[in-house]
Structure formats: C-alpha cells, structure tokens
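So the structure is just underneath, and the comments pick up after that.
Bear in mind these aren't lab numbers, they're just calculated from the coordinates by the rules spelled out. Quick caveat, the model's predicted, so the values are computed rather than measured. Neighbour counts run over all protein chains shown; Cβ positions are idealised from the backbone, glycine included.
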Amino acid sequence: MATLRRWWPWLGLVARLIVGVVWIVAGWLKLPDPAGSVRAVRSYQLLPEAVVPTVGYALPVVEIAVGVLLVVGLGTRVAAAVSAVMQLAFIIGISAAWARGIQIECGCFGGGGATATDATAKYPWDIARDVALALTSMAIALWPRTRLHLETLLFSHNYDDAAHEDAAHERCSARRCRDIDTDELTEEIRG
C-alpha cells in the first residue's frame, strides 16, 4: 500500500491524461456533425424525444470540457466524477441496446446512430472500454491529487497539508518505521 501511495501521484497523472484525452477526442470528433450526435443519442431509444436534441448537442461540448479539465488538472475531483457518471450512462445505454437487440454503432467517437450488422460483436468491447474508463475515473475522483495539475499552482494553499502529509509518509518510509503516528511526524516536519 505504501508503494501505491508513493506512485499514485504519477499513476494518477497518467490516468488523468488518458481519460482526459479520450474525452477530448470523443467530443472533438462529434463537433463537426452535431446532427450525427443527436442521431446517435436517438438511436439508443432510451431518452424522451423532447430531450434527445439537447443531450445530442450538449454531449460533445461536455465531453471536451471534462477532458480539458482532467488534462490540465483543474476541478479534478468533480471532472472525474462527471466522467465516471457519463461512462456509467454509456455502459447502461450500450447494454440496453444489446439486450433489446438494437444493432447500432455506439457513436462514442462520432458517426453513431447508423445501423450496424456486426454491432453485437462490438458491444462487449465497447462496454469493457467504458468500464475501464469508469473505474479509472472513479479512482481519480477518490484520489484527485496527482502530479502536474493546475490546482496546485492556483490553489497551492489547499495542498500544503497534503504535501506535509506526503513528506511525513516519505520520511516514515525512509526510516522503515511502521507504527509511527503520521500526525506527529507531520507536526515534526512543519516545526
């Protein structure tokens, strides 16, 4: 566990960048064809027709916004939580289409809504990808503090205690101690 704690800031950075870039690419590919995005949302036959255009038009913009926030590391916890919720919605949508025998392109990276004869063969892969991205997003939401994020530069006072706590854990690991109260060690480092 101590090793994961030490490496999480770097692993979290990689996770943040992967999920963020996926969102940016997905949204960017949908931007040139907003009507296609609406068709993709409609093809799942899950939402009332009255909200389909709003969701279809807003989805690429939201995807890009979430992606940019994750890449730059601003509002990381909220962006990752939104990412996880959106991935769960996509998992439900693809699963529902699969269960009802609807053969469509998922529309995840644009071009959705078209009838596809081999869609059921792709659904498991689409779901697996979305599950992996959802779990990664949840991890980022739970532990948003990673390396190279804008929040540190803009709001460094919020991260001072966390930095001291990390230093305490580093010092404890260096001493190979096991039962030290990290609060005491943090106070020692601050003092």
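Just want the ordering: 39, 77, from fewest to most Cβ atoms lying within 10 Å of their own Cβ.
77, 39
Equivalent ellipsoid semi-axes for region 26-86, as square roots of 5 times the alpha carbon gyration tensor eigenvalues: give them largest first, rounded to whole Å.
Value: 24, 13, 7 Å, ordered largest first.
With a sphere of radius 13 Å drawn around the Cβ of residue 55, what net charge do the other residues whose Cβ falls strictly inside it have (Lys, Arg +1; Asp, Glu -1)?
It works out to a net charge of +1.
Please arrange 33, 118 by how many other C-beta atoms lie within 10 Å of their C-beta, fewest to most.
Ranked by crowding around the Cβ, least crowded first: 118, 33.
Once you compute Rg and the Kirkwood Rh from C-alpha atoms, what is the Rg to Rh ratio for region 1-130?
My calculation puts Rg/Rh at 1.03.
Take the alpha carbon atoms of region 42-70, find their center, do the same for region 117-135, and report the distance between the two centers in whole angstrom.
Result: 19 Å between the Cα centres.
Residue separation times 0.36 nm, minus the C-alpha to C-alpha distance between residue 78 and residue 8: what's the value?
The residue 78-residue 8 span can extend by a further 23.4 nm.
Stretch residue 135-residue 116 to full length: gain in nm at 0.36 nm per residue minus the Cα-Cα span?
4.1 nm
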